[in-house]
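K.L.:
Below you'll find the structure I mean.
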Amino acid sequence: MQFIKLMPAVLSAAFIVTRIDGLAPARLPSIRNVPTPTPKAKWQGSYNRNRVLKSSVASSIDIPSIESQRSLNRIQSNIVKAMMVTYVASMCVALPVTLFPVFLLYRANIIDRVRKEKWSLKVGQFCSRWLMRVFPFASKRVLVDADDERLKNPEPSIWVCNHISMLDLFFVLALDKRMRGRNRRPIKILYWKGLEANPITGLLCKMCGFIPVDMTANGNGNANEYDPKSFKQMLKSTKAAIDEGFDIGILPEGQPNPTPEKGLQPIFSGAFTLARMSRRPIQMMSLYGLHRLWHPDDSIGMCCVARDMVVRVYPGGRIYKNAEEFTSTFEAVAGYFGAHGRDMPAEELKMWLDGSMWKTELSRRAATRMDAENVEQGAESTRKEPSKKKQ
């Protein structure tokens, strides 16, 4: 009853929070399709919330950086926090109610397990998306390349993303259609088994058939300690999901990153292993800004210092030759965007995405190794010369 009484006030706050100057972003674009310009390409038209920008070649995006946006004052922060808490509370009510009919159909053997998981995923996405519209505590942007053929005709893929907040899962569900296109395949996400301790996230993950990974709850920012015994079942579940037509989503950092401004945490190469096993390309995306709403550090928590968030979906998914190439590319590309809210310089980004930067890195390492060997041989020759003179 108390929650129902508070609803008018919360909805009024939602209206105010999107209208007060300084709280809403300063006409930042809500871009569904992001152009992919050549280095000298010019944008067509001005920025607009509904305009689709177009160009020809994948590159970095010249858009106003989120870093430059004003932080929230105390009143604005409290309003945003109230809406975020209400959103989370609403999800706790909406998910059990909307998933219950799917559960009944499954238990009555009217639908099979695979259909139950696909329907549950759609229900979770619907709830997350629409409740974010009712309680607009975040200003959301999705940046994709307008002429990325994989969005129009998607192929089975392994999706990887950085991990910056406890809100990540909700936003990935809510924005999935805008991130992966209308023709996207259903997806199963690998998640920490400890989330099942929360009845709501546990219900969502189990109903959607998401794949658990067992590891020690040793706090965000500390080294991950996985249970090797769970790997066999994880690989078995992943292979079954691939055979059933699902894409796979992985957070290679394994836990929320308490310092995204410094880059990514240590990257685990499980995505490369799964991609090699299934012969699927790896596609990258990166989140920015959610840690300023709900910080991974428990001592900071729901700080709500800003409400702008953006997710970047990179074009050109590919099959990597080895694990180090994947981890280096992901750390460079997704790590830069996660730290700054914008792409790295255009030419550098293009080289990372097409693999030429990694070839350059290998050449640099080879040259460094040869230089070190030459120095060592020179030092050895110098040591031998005095001994010859004494003889």
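The values are calculated or read from the model by the stated rules, or taken from the named source; none is laboratory data. All of these numbers come straight from a predicted model, not from anything done at the bench. Here the Cβ positions follow ideal geometry from the backbone for every residue, glycine too, while neighbour counts run over all protein chains shown. Surface accessibility is based on the protein's heavy atoms, side chains included, excluding ligands, DNA and RNA. Shrake-Rupley method; radii C 1.70, N 1.55, O 1.52, S 1.80 Å.
K.L.:
With labels modelled as points extended 7 Å from the Cα through the Cβ direction, what inter-label distance (nm, one decimal) is found for Lys321 paired with Arg113?
P.N.:
4.0
K.L.:
How much solvent-accessible surface does Leu235 expose, in Å² to the nearest 10, with a 1.4 Å probe and all protein chains in place?
P.N.:
Surface open to solvent at Leu235 totals about 70 Å².
K.L.:
At a probe radius of 1.4 Å, what is the per-residue accessible area of Arg318, in Å² to the nearest 10?
P.N.:
Approximately 40 Å² for this residue.
K.L.:
Continuing with this model, one more query. Going through the cross-link list Lys116/Lys152; Lys116/Lys350; Lys116/Lys140; Lys140/Lys193, which pairs have a Cα-Cα distance over 31 Å in this structure?
P.N.:
Going by Cα-Cα distance, Lys116/Lys350 fall outside the 31 Å limit.
K.L.:
Once a ≥ b ≥ c are taken as the square roots of the eigenvalues of the Cα gyration tensor of the stretch 187-340, is the result rounded (a/c under 1.5), prolate (a/b larger than b/c) or oblate (a/b not larger than b/c)?
P.N.:
Oblate is the answer for the stretch 187-340, as a/c is 1.5 or above yet b/c matches or exceeds a/b.
K.L.:
Per-residue counts of other Cβ atoms within 10 Å, averaged by peptide: what ranking do you get for 194-203, 171-180, highest first?
P.N.:
171-180, 194-203
K.L.:
Among the GluC sites (Glu not before Pro) in the stretch 225-289, which ones are in a DSSP loop with at most 16 other Cβ atoms within 10 Å of the Cβ? Mind listing them?
P.N.:
Glu225, Glu244
K.L.:
May I pose another question? Quick one: Karplus J couplings for the stretch 183-188, per residue in order, coefficients 6.51, -1.76, 1.60, θ = phi - 60°, nearest Hz, x for Gly and Pro?
P.N.:
Computed from phi, the couplings for the stretch 183-188 are 8, 4, 8, x, 10, 10 Hz.
K.L.:
On to the next question. Gly249's amide H: which non-local residues (gap 5+, or another chain) put their own amide H closer than 5 Å, with H modeled 1.01 Å from N in plane and none for Pro or chain starts?
P.N.:
The answer is Trp159, Lys188, Ile189, Leu190.
K.L.:
Mind checking the full-extension length gain between Ala197 and Ala89? Use 0.36 nm per residue of separation minus the Cα-Cα distance, one decimal, nm.
P.N.:
37.2 nm
K.L.:
Among the listed pairs Lys118/Lys232; Lys188/Lys359; Lys206/Lys229; Lys118/Lys321, which are separated by more than 28 Å between their Cα atoms?
P.N.:
With Cα atoms farther than 28 Å apart: Lys188/Lys359; Lys118/Lys321.
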